[in-house]
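Taking it in order: structure first as structure tokens, then the write-up.
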Amino acid sequence: MRFQTAAIALTLFGALGAVTTACATRTDGEPAPPSGFFSGTQPDSIDPTLAQAADAGSDASTGPVGTAWQVGIGRPTPVLHKLYTEHLGEWLRDEPTHSASFGLLGADIGLSLRQFGQQVFFFGDSFAANPAMENTKTVATIPLGPPPDVLDLPKLVFPLDSTGVFTPVSLPGLSFGPLTVPWGSIALGNSTYVYYAAAWDPTTQTQTQSALAHTQNGAFTSMQLDYDVPSTHFIGVQALEAGDDVLLFGEGPYRQSALYLATVPKKQIANHSAWRYFAGQGDAGCPTFSSSEADAVPIIPSDCIGEFSVMRSFELGGYVVTYNCFDTNERGIFMQMAPTPLGPWSAPVKILDPEFDSYTKFIHANPQVIGFDDGLSDWGRETTFGFEYAPNLVPEWTRALSPGVFSIVYTLSSWNPYTLHLVHTVVGVDGTSASPTPRGVGLPKATLVNGDFGTGDLT
């Protein structure tokens, strides 16, 4: 087992001000990670879309690095509480997308990426009108724009073939069976990389492989496989650009994992052997890294992290992770924050409580249990509960609504109905408050017309 201490300065910001721990360089034969790869606090490592958070038209592939993040370097990571969560809308089947019109009856995941002047969304297993297209993967785009409002979602544009049917993603070399799904993505120049959790094992009930694929120049339906390797702690991977490196956040067993961290040079992103895994704190609290995944230790200890999403946010002052947890005692969508990838990570905050925020509102509950039909079920699945999963953040839509009050936007999958939703949660520091905008104010009262069908028709 060979370790090394990272030659970096790890800067943590807390309520008492800045505390800097300088880690001396010590190696035992392995190349050290380049300095600065950690830092959400270093201006040269910031994704342009985060520095340009106020500009809904910025483009991660070409935009300049602004100074906004530098202004926020010294701020402590705020302690945030959920103020409210609001369903913005179902995004596939309803208008304006109306996915059934091109053969897509349902899909999940909705992984977000901004590149080439558009917002790109990668989807998981397809429920298709053509049985031969079941479990294929899809992709859609929308124009750049501000965060959508309730029931005012932009139309998802899917590539269609000559017959008007959606075009699935092609990825030779990787079996696109059920539960082989996109987990993370990153745009590097004209290249787009997508991480897949792959090779579902029905016995152990988890994926067992981690795969990376890429495409260039926006050809999102035509991917090339870079690698497909066994994994234990990085089956599902999310990636963030950091200077000359890529930060890799990973989870292991399906919906029963902790969260782990690794790094790889950007120029070697397709070389899995170039990964270095965070292996704990060494001398004087300095982080150590190993070339062996077996040495990886969690940055967030847990046994219930499922599908997760990570962003680095100027607005919120650090790193944010959201994930679903199906622990019987603590069920829902959770958020944690930290000033650096290593932490310290805040306590989990439940930002979506299924009992109060989603069941019978946009996720189906079994009528035999709740005593009535909520009208949300897929046909023939009425006794199957839906559930909330895959809260994939859309970083560019994070906004400060007022001092100490922030909106985060994420896609959310629901199992029943099997579709994708757009949700936003408003969080705030102690002493703040906010409530959803009242809907329907000022509209005339509804009146019943032709209630007895006296006209003989439905007019």
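The values are calculated or read from the model by the stated rules, or taken from the named source; none is laboratory data. All values reported here derive from a predicted model rather than from experimental measurement. Cβ: placed from backbone, ideal geometry, glycine included. Neighbour counts: every protein chain shown.
Observations on the model:
- Those residues of region 326-369 which are touching a Cys at 6+ places or on another chain (Cβ under 9 Å) and small (Gly, Ala, Ser), in sequence order: GLY332
- Picking from residues in region 363-393 that are hydrophobic (A, V, I, L, M, F, W, C) and in contact with a Pro (Cβ under 8 Å, 6 or more places away or on another chain), the one that is surrounded by the fewest Cβ atoms within 10 Å (Cβ to Cβ) is PHE387.
- Yes/no for VAL369 being within 21 Å of GLY236 (Cα to Cα) and modelled with pLDDT of 95 or more: no
- Members of region 211-233 that are in contact with a helix residue (DSSP H, G or I) (Cβ under 8 Å, 6 or more places away or on another chain), buried (at least 20 other Cβ atoms within 10 Å of the Cβ) and assigned to a loop (DSSP other than H, G, I, E, B): SER231, HIS233
- The set of residues in region 338-351 that are at pLDDT 95 or above and buried (at least 22 other Cβ atoms within 10 Å of the Cβ) contains only ILE351.
- Being modelled with pLDDT of 95 or more and within 16 Å of LEU111 (Cβ to Cβ) is a property that does not hold for THR398.
- Among the residues of region 234-251, those identified as assigned to a loop (DSSP other than H, G, I, E, B) and surrounded by 24 or more Cβ atoms within 10 Å (Cβ to Cβ) are PHE234, ILE235.
- Contact annotation: residue pairs with Cβ atoms under 9 Å, 6 or more positions apart or on different chains, pairing a residue in region 253-275 that is closer than 20 Å to THR322 by Cβ with a partner that is of a type in the set (D, E, K, R) and surrounded by fewer than 17 Cβ atoms within 10 Å (Cβ to Cβ), are PRO253/ASP303; GLN256/ASP303; SER257/ASP303; ALA258/ASP303.
- Taken over region 297-308, the criterion of being closer than 15 Å to VAL349 by Cα and buried (at least 24 other Cβ atoms within 10 Å of the Cβ) is satisfied by ILE305, PHE308.
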